[in-house]
Structure formats: structure tokens, C-alpha cells
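Peer 1: Below is the structure I would like to discuss, written out as C-alpha cells.
The values are calculated or read from the model by the stated rules, or taken from the named source; none is laboratory data. Note that this is a predicted model, so its numbers are computed, not measured. Cβ: placed from backbone, ideal geometry, glycine included. Neighbour counts: every protein chain shown. In case anyone asks, the SASA skips ligands and DNA or RNA and just uses the protein heavy atoms, side chains included. Shrake-Rupley method; radii C 1.70, N 1.55, O 1.52, S 1.80 Å.
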Amino acid sequence: QVQLVESGGGLVQPGGSLRLSCAASGSFFSINAMGWYRQAPGKQRELVAAITSGGSTNYADSVKGRFTISRDNVQNTVFLQMDSLKPEDTAVYYCNLQTVLRNYWGQGTQVTVSS
């Protein structure tokens, strides 16, 4: 059984920062990539950022220069440092683990950016 445990969401003012963490545990095959997606009310889930096992990163245009993804390959943990947050970043953020066989998802953590 694979588990993805997310933490770090919450309420922050515009311009503030949050750091999300996601720890993967259980039995799974080789990891291709880990990443973060988000889904705002009434919108489709979208990729925020992803990082491969080799360290290559990919970001949504809307977060480039503000968000930074990193990972600890030994602990199978992925982090998302979110700076200069905007109200439009408000969403439920989901951790994603991509292996050679399938994708796994976390339960989601709410991020709300509001004054």
C-alpha cells in the first residue's frame, strides 16, 4: 500500500510564503517523477511543478520564478516552496508520485491566499 502524506498548507496573505511537503511510503517500483498539481473550485486539476529522479524540473508558466520544487530521493519526499503567493494560487494542492507502473495521489492540502 502506497501512501502520500502531505503537509504545509494553510492560509497566507498575498505576497507571503508557504512550504508544502509530501512523503511517500510503502512498496512501489522505480520512481519516474514526483510533483504537485492543484485544483481550484470550478477548474480542472493542473500541473504546478514536477521533478524527475534525475533532478530535472518542470513548472507551470504561472508559477515560474515564484515556486521551487525539490526532493529528497533517500526519503522519497518532495517539497514545494511557494513564494510571492497570489490570490489566484488558492486551490487544493495534490502530491503526485509517478512510477513505471502507475500514478499515485495524495489526499490534497488546501492553500488559501487572502487578505
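Peer 1: Let me know the shape class of segment 1-54, please: from the alpha-carbon gyration tensor, a ≥ b ≥ c as square roots of the eigenvalues, rounded when a/c is under 1.5, otherwise prolate if a/b is greater than b/c, or oblate.
Peer 2: Prolate, because a/c is 1.5 or more and a/b exceeds b/c.
Peer 1: Find, among the chymotrypsin sites (Phe, Trp or Tyr not before Pro) in segment 1-97, those assigned to loop by DSSP (not H, G, I, E, B) with at most 10 other beta-carbon atoms within 10 angstrom.
Peer 2: Those that pass, being in a loop and sparsely packed, are Phe29.
Peer 1: Can I ask one more? I need the trypsin sites (Lys or Arg not before Pro) found in segment 48-86, filtered to DSSP loop residues with at most 13 other beta carbons within 10 Å of theirs.
Peer 2: Lys64
Peer 1: Quick one: grab the alpha carbon gyration tensor of segment 1-102, order the square roots of its eigenvalues as a ≥ b ≥ c, and give me rounded if a/c is under 1.5, else prolate or oblate depending on whether a/b is larger than b/c.
Peer 2: Judged from the Cα gyration tensor, segment 1-102 comes out prolate (a/c at least 1.5, a/b above b/c).
Peer 1: Averaged per residue, what accessible surface does segment 52-95 expose to a 1.4 Å probe, in Å²?
Peer 2: Here the residues of segment 52-95 average 49 Å² of exposed surface.
Peer 1: With both bridge residues required to lie in the chain, what share of the DSSP beta bridges run antiparallel, to the nearest 5%?
Peer 2: Counting only bridges with both partners in the chain, antiparallel ones make up about 95 percent.
Peer 1: Rank Pro41, Pro87, Pro14 by mean-square fluctuation in a GNM of the chain with C-alpha springs under 10 angstrom and give only the top-ranked residue.
Peer 2: Maximum among the listed residues: Pro41.
Peer 1: Are there trypsin sites (Lys or Arg not before Pro) in segment 7-43 that DSSP puts in a loop and that have at most 10 other Cβ atoms within 10 Å, and which ones?
Peer 2: Of the trypsin sites (Lys or Arg not before Pro), the ones in loops of segment 7-43 whose Cβ has at most 10 other Cβ atoms within 10 Å are Lys43.
Peer 1: Next up: Which shape class, rounded, prolate or oblate, goes with segment 58-103 when its Cα gyration tensor gives a ≥ b ≥ c as root eigenvalues, a/c under 1.5 marks rounded, and past that a/b bigger than b/c marks prolate?
Peer 2: Prolate, because a/c is 1.5 or more and a/b exceeds b/c.
Peer 1: Let me ask something else about it. Roughly how big is segment 1-72's charge dipole about its Cα centre, with Cβ charges of +1 (Lys, Arg) and -1 (Asp, Glu), in debye to the nearest 20?
Peer 2: 160
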